[in-house]
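Engineer: Sharing a structure with you now.
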Amino acid sequence: MDECRVTIANTGASFSCGRGESILDAALRQGITLPHNCRGGACGQCKADVVAGTVEHGWVMSFAITDEEKEDGQCLVCVSKPLGDAVTVSMHNPVPGADAQPIAPMTTRALVVSSVPLTPQIREITLALDPDCGFRFHAGMHVELGEEAGDGGRPYSIATVPGADGAPPLGLLTVQVTLQPGGRTSSWLHENARVGTELVLRGPYGTFGCDRAVAETDGLLMLAGGTGLAPLLSIAGDLLASGFAAPLELGLSVRTAADLFGVGELERLARAHANFRYWAALTRQEGEPPAAYCRAARVPDLLRGRAAELSGRRVLVAGPPGFVEACRGALAALGVPAERVAAESYDNRAAHLPAAD
């Protein structure tokens with residue numbers, strides 16, 4: 001046989017997977033969404049138990065899944081390929097229900113219609129897609145761009161709020177690209193992705209976000225490190241546009257006032273929605289902060305003393321690994337259970353991990 005039958009024990013969904021194809025890629029190709037983020041064996045979001053059959057594990061990073069876990073029958077479906085005629089896996093993280101709008105990634109071309117520096121290190125790029133190409137996405141997802149740089153491309157979170165039908169409004173998508181020292185793709189995009197440039201775009205990918213019904217009950221705290229703001233802007237805008245009424249708070253961490261960006265959109269949301277508020281942590285600011293919403297401190301320091309207020313909240317964290325881990329530690333110290341925290345860690349070590357690259 002040239003194909004294997006894969007079954008997801010959590011939902012009963014069944015689909016075919018070609019020989020040499022990863023379980024995740026086969027699922028996404030057929031409109032079946034599984035928990036995932038990096039697609040490169042590095043984040044652990046797609047970890048599953050192999051209930052029946054066997055898999056070839058492929059290349060993974062040990063902090064995402066250990067050798068002991070693999071020997072115990074676990075795998076990462078983003079890189080695991082089925083062996084034999086049938087494989088059944090049970091995902092560790094929640095699988096979107098049958099009522100969730102299926103999202104199938106695609107490869108298409110996008111035209112740069114705006115390329116604007118937000119700070120000396122961050123460039124905001126707006127891309128125009130063919131409105132008839134069928135591109136759809138959920139808030140919090142990312143696309144892969146920059147394969148023209150010769151490095152296979154990198155993932156960048158979508159900052160745009162999806163339309164009611166999941167399409168990008170007017171066919172436009174916005175991403176934020178941080179220039180990384182030695183970053184081949186980010187350097188190429190900063191230098192070459194100017195107005196009129198056509199880029200290959202792949203995606204969308206990722207399942208970063210929260211259960212709206214649960215967040216509506218508990219309230220939601222969002223913590224962004226640098227361009228971790230992009231997916232959180234999309235999620236916050238999407239929730240608020242659809243009537244989310246629970247408390248929604250967003251904290252942005254940057255080094256100094258000169259590194260602030262996205263404040264115009266945050267202010268617009270705050271003025272339009274009484275339940276939304278924001279603040280900025282300036283980690284290396286010298287002298288007085290320039291505005292009332294700024295604090296010269298790190299996010300963990302600003303969260304201390306708010307245990308009673310935050311212990312029942314749902315939390316989304318996005319940014320560099322150090323920022324994400326520091327926030328996780330601070331939240332744990334406040335008594336926020338780990339299952340209430342969803343994180344997207346931007347790690348440049350993985351080929352497909354959404355990164356500040």
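Engineer: Have a look at L83, L34 and point out the one that is part of a loop (DSSP other than H, G, I, E, B) and hydrophobic (A, V, I, L, M, F, W, C).
Structural biologist: Testing whether each residue is part of a loop (DSSP other than H, G, I, E, B) and hydrophobic (A, V, I, L, M, F, W, C) leaves just L34.
Condition check ((1) at pLDDT below 90; (2) out of contact with any helix residue (DSSP H, G or I) (no Cβ under 6 Å at 6 or more places or on another chain)) across all residues:
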| position | (1), (2) |
| --- | --- |
| R306 | yes, yes |
| R314 | no, no |
| L331 | no, yes |
| A343 | yes, no |
| R349 | yes, yes |
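Engineer: Being open to solvent by less than 30 Å² (accessible area, probe 1.4 Å), touching a residue at least 12 places away in the same chain (Cβ under 8 Å), in a loop (DSSP other than H, G, I, E, B) and touching a strand residue (DSSP E or B) at 6+ places or on another chain (Cβ under 6 Å) is true for just one of T174, T160. Which residue is that?
Structural biologist: So the residue among T174, T160 that is open to solvent by less than 30 Å² (accessible area, probe 1.4 Å), touching a residue at least 12 places away in the same chain (Cβ under 8 Å), in a loop (DSSP other than H, G, I, E, B) and touching a strand residue (DSSP E or B) at 6+ places or on another chain (Cβ under 6 Å) is T160.
Engineer: Just checking, does segment 45-59 include any residue being closer than 21 Å to G203 by Cα, touching a Lys or Arg at 6+ places or on another chain (Cβ under 9 Å), among the charged types (D, E, K, R) and open to solvent by 50 Å² or more (accessible area, probe 1.4 Å)?
Structural biologist: Checking segment 45-59: not a single residue is closer than 21 Å to G203 by Cα, touching a Lys or Arg at 6+ places or on another chain (Cβ under 9 Å), among the charged types (D, E, K, R) and open to solvent by 50 Å² or more (accessible area, probe 1.4 Å).
Engineer: Considering each of V87, V113, V79 in turn, give the residue that is of a type outside the set (D, E), open to solvent by 60 Å² or more (accessible area, probe 1.4 Å) and more than 18 Å from P204 (Cβ to Cβ).
Structural biologist: V113
Conditions (1) among the aromatic types (F, W, Y); (2) modelled with pLDDT of 95 or more; (3) surrounded by fewer than 16 Cβ atoms within 10 Å (Cβ to Cβ), marked per residue:
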{"residue": "S62", "(1), (2), (3)": "no, no, yes"}
{"residue": "D67", "(1), (2), (3)": "no, no, yes"}
{"residue": "P102", "(1), (2), (3)": "no, no, yes"}
{"residue": "T126", "(1), (2), (3)": "no, yes, no"}
{"residue": "F135", "(1), (2), (3)": "yes, yes, no"}
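Engineer: Now a separate question. Residues that are among the β-branched types (V, I, T) and in contact with a strand residue (DSSP E or B) (Cβ under 8 Å, 6 or more places away or on another chain): list the helices (runs of 4 or more DSSP H) wholly contained in segment 238-357 that include at least 1 such residues.
Structural biologist: In segment 238-357, the matching helices (runs of 4 or more DSSP H) lie at 263-272, 299-303, 321-333.
Engineer: Under the condition of being assigned to a loop (DSSP other than H, G, I, E, B) and open to solvent by less than 20 Å² (accessible area, probe 1.4 Å), which residue from segment 185-207 is nearest to T174 (Cα to Cα)?
Structural biologist: Checking each candidate, the answer is A193.
Engineer: It is to be established whether one or more residues within segment 20-29 are in contact with a helix residue (DSSP H, G or I) (Cβ under 9 Å, 6 or more places away or on another chain), among the charged types (D, E, K, R) and crowded, with 22+ Cβ neighbours inside 10 Å.
Structural biologist: There is no residue in segment 20-29 that is in contact with a helix residue (DSSP H, G or I) (Cβ under 9 Å, 6 or more places away or on another chain), among the charged types (D, E, K, R) and crowded, with 22+ Cβ neighbours inside 10 Å.
Engineer: Let me ask something else about it. Which one is surrounded by the fewest Cβ atoms within 10 Å (Cβ to Cβ) among residues in segment 239-266 that are under 19 Å from R295 (Cβ atoms) and among the charged types (D, E, K, R)?
Structural biologist: The selected residue is R255.
Engineer: Which residues, taken from segment 211-238, are surrounded by fewer than 20 Cβ atoms within 10 Å (Cβ to Cβ) and either closer than 16 Å to I125 by Cα or among the hydrophobic types (A, V, I, L, M, F, W, C) (or both)?
Structural biologist: A213, V214
Engineer: Quick one: would you say T108 is part of a loop (DSSP other than H, G, I, E, B), in contact with a strand residue (DSSP E or B) (Cβ under 6 Å, 6 or more places away or on another chain) and in contact (Cβ under 8 Å) with a residue 60 or more places away in the chain?
Structural biologist: Taking the combined requirement at face value, the residue does not satisfy it.
The values are calculated or read from the model by the stated rules, or taken from the named source; none is laboratory data. As the structure is a prediction and not an experimental result, all values here were calculated from the model. Reconstructed Cβ throughout: ideal geometry from the backbone, glycine too, with neighbour counts over all protein chains shown. The protein model used for the area step is the full one, side chains on, heavy atoms only, and it has no ligands, DNA or RNA in it. Shrake-Rupley method; radii C 1.70, N 1.55, O 1.52, S 1.80 Å.
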